[in-house]
Amino acid sequence: MAAAAPATAFGQAVIGPPGSGKTTYCLGMSEFLRALGRRVAVVNLDPANEGLPYECAVDVSELVGLGDVMDALRLGPNGGLLYCMEYLEANLDWLRAKLDPLRGHYFLFDCPGQVELCTHHGALRNIFSQMARWDLRLTAVHLVDSHYCTDPGKFISVLCTSLATMLHVELPHVNLLSKMDLIEHYGKLAFNLDYYTEVLDLSYLLDHLASDPFFRHYRQLNEKLVQLIEDYSLVSFIPLNIQDKDSIQRVLQAVDKANGYCFGVQEQRSLEAMMSAAVGADFHFSSTLGIQEKYLAPSEQSLEQEAMQL
């Protein structure tokens, strides 16, 4: 008699703005998970995705195509993508029929990069909510480009977007700073990397913005945005270089802890890993310090000189 597939399935909903590396993440994470011995099913929920680099178990383009929607309804790419997600929401029986035979796999959902789908439009959130009723435990993995850290104004915008996404999607959430190997190609960081990953005292960013003639006129607005972010105190980031196995492992540990996979019996785990997840002893500071030394050029100024500049 064949053994029944596990009732509970686990996975990741990979979200983020266009170009943040979602598809590349799904490729790298799927290869890493297979190396660990997990059975992986990558599900493409983005009808605008073409030339997928990974083996796709389920493709939403089989249900609805973005090009067909744009031609038939005379919509642009943004409106067409919203319609496609609403169409998928109205045809969730199709999605369930595709996912049920894959029970026992670990799912990676490659989601569209339309920002409003994760900040205020309800279709994608309703799809995730329905998956939870199917006993599919997901963690939202939100990717943003790490180079936004080099611009204080853009970093505050990223914080606002990340916070809005966390509140709207209503899933366990892990924020990632992607493309860490390219972080300083667009400029130098004003502070150590842990300042950005742990979202420390943002008043220092306001001082940097005040030195810019453009942002000087919007100081009160920036102060209110910073206050909002700090009042919720929800946003933090994990740095990621998808080509670095240690970096992927740190992300996977956070994701497995968020959706409860690490407390299951799907694969052999050490007592140390279980206890670390239980008490939250992840030692992020030491890992972030190692990443900073690996990808960021050392500062030529002393701490006293930087303090004098501030």
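The values are calculated or read from the model by the stated rules, or taken from the named source; none is laboratory data. All figures in this text were calculated on a predicted structure; none of them were measured in a lab. In this analysis, Cβ positions are derived from the backbone assuming ideal geometry, glycine residues included, and neighbour counts consider all displayed protein chains. Ligands, DNA and RNA are excluded from the accessible area calculation, which covers all protein heavy atoms including side chains. Shrake-Rupley method; radii C 1.70, N 1.55, O 1.52, S 1.80 Å.
Okay, here's what the table says:
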| read-out | value |
| --- | --- |
| Filter result for THR8 (among the hydroxyl-bearing types (Ser, Thr, Tyr) and open to solvent by 50 Å² or more (accessible area, probe 1.4 Å)) | no |
| All positions within segment 95-108 that are in a helix (DSSP H, G or I) and either hydroxyl-bearing (Ser, Thr, Tyr) or open to solvent by less than 30 Å² (accessible area, probe 1.4 Å) (or both) | LEU95, LEU99 |
| All positions within segment 234-264 that are open to solvent by less than 60 Å² (accessible area, probe 1.4 Å), in a helix (DSSP H, G or I) and of a type outside the set (A, V, I, L, M) | SER247, ASP256, ASN259, TYR261, CYS262 |
| Qualifying residue in segment 49-58 (condition: surrounded by fewer than 18 Cβ atoms within 10 Å (Cβ to Cβ), more than 20 Å from LYS98 (Cβ to Cβ) and at pLDDT below 90) | yes |
| Search result, residues across segment 39-51 that are within 21 Å of LEU143 (Cβ to Cβ) and either acidic (Asp, Glu) or in contact (Cβ under 8 Å) with a residue 40 or more places away in the chain (or both) | VAL40, ALA41, VAL42, VAL43, ASN44, LEU45, ASP46, PRO47, ALA48, ASN49, GLU50 |
| Of all residues making up segment 138-168, the number that are touching a residue at least 24 places away in the same chain (Cβ under 8 Å), out of contact with any Leu (no Cβ under 9 Å at 6 or more places or on another chain) and charged (D, E, K, R) | 1 |
| Yes/no for THR139 being β-branched (Val, Ile, Thr) and at pLDDT below 95 | no |
| Checklist (1) open to solvent by 30 Å² or more (accessible area, probe 1.4 Å); (2) modelled with pLDDT under 95 applied to CYS118, failing item | (1) |
| Residue within segment 74-82 that is at pLDDT 90 or above, surrounded by fewer than 21 Cβ atoms within 10 Å (Cβ to Cβ) and under 30 Å from TYR261 (Cα atoms) present | no |
| Breaking point among (1) at pLDDT 90 or above; (2) of a type outside the set (Val, Ile, Thr); (3) open to solvent by 70 Å² or more (accessible area, probe 1.4 Å); (4) within 28 Å of GLY28 (Cβ to Cβ), for ASP231 | (4) |
| Those residues of segment 92-142 which are acidic (Asp, Glu) and more than 17 Å from the chain's Cα centre (by Cα), in sequence order | ASP93, ASP100, ASP135 |
| Leading residue by the ranking (least open to solvent (accessible area, probe 1.4 Å)) among those in segment 132-163 that are in contact with a Lys or Arg (Cβ under 9 Å, 6 or more places away or on another chain) and part of a helix (DSSP H, G or I) | SER146 |
